[in-house]
């Protein structure tokens, strides 16, 4: 019986937190185009989502700093090293940064606003 009461209380707390989160999301001001809602429970990522390269640099440090900036904006990104050689046999150097295609415009705005 005690277990059932604890389970009921836990379900009630989850329901209240969920309703509070929905209310906070719906009450954001209309002039704020992209509210930064920290979601504790994220949905499953779409494995078929297309990613787009938005930046390429020769140094890993610069790529890491841009990755940190994207994380501040809660924007998903991945860093990847270029392949060993291109089709002509020239060695590739550099690190690419890719974001989901739906976030490419936002990422480009962040990159363009960064100091040179």
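The values are calculated or read from the model by the stated rules, or taken from the named source; none is laboratory data. Since the structure is predicted, the reported quantities are computational estimates derived from the model, not experimental observations. Don't worry about glycine lacking a Cβ; one is built from the backbone with ideal geometry, like all the others, and counts go over all protein chains shown.
Out of all the residues in region 45-61, which are at pLDDT below 90 and closer than 15 Å to residue 103 by Cβ?
45, 46, 49
Scan region 82-116 for residues that are farther than 11 Å from residue 54 by Cα, exposed (fewer than 13 other Cβ atoms within 10 Å of the Cβ) and touching a strand residue (DSSP E or B) at 6+ places or on another chain (Cβ under 6 Å) and report the count.
2
Given 64, 42, which one is under 16 Å from the mean Cα position of the chain (by Cα) and at pLDDT below 85? Outline the logic, then answer.
Details: 64 fails: at pLDDT below 85.
Going through 64, 42 in turn, just one is under 16 Å from the mean Cα position of the chain (by Cα) and at pLDDT below 85: 42.
For residue 91, indicate whether it is outside the structural domain of residue 14 (by TED's automatic domain parsing), over 13 Å from the mean Cα position of the chain (by Cα), at pLDDT 75 or above and on the phi < 0 side of the Ramachandran plot. I'd like the intermediate steps shown before the answer.
Numbers: outside the structural domain of residue 14 (by TED's automatic domain parsing): yes; over 13 Å from the mean Cα position of the chain (by Cα): yes; at pLDDT 75 or above: yes; on the phi < 0 side of the Ramachandran plot: yes.
Considered against the rule, which asks whether it is outside the structural domain of residue 14 (by TED's automatic domain parsing), over 13 Å from the mean Cα position of the chain (by Cα), at pLDDT 75 or above and on the phi < 0 side of the Ramachandran plot, residue 91 comes out as yes.
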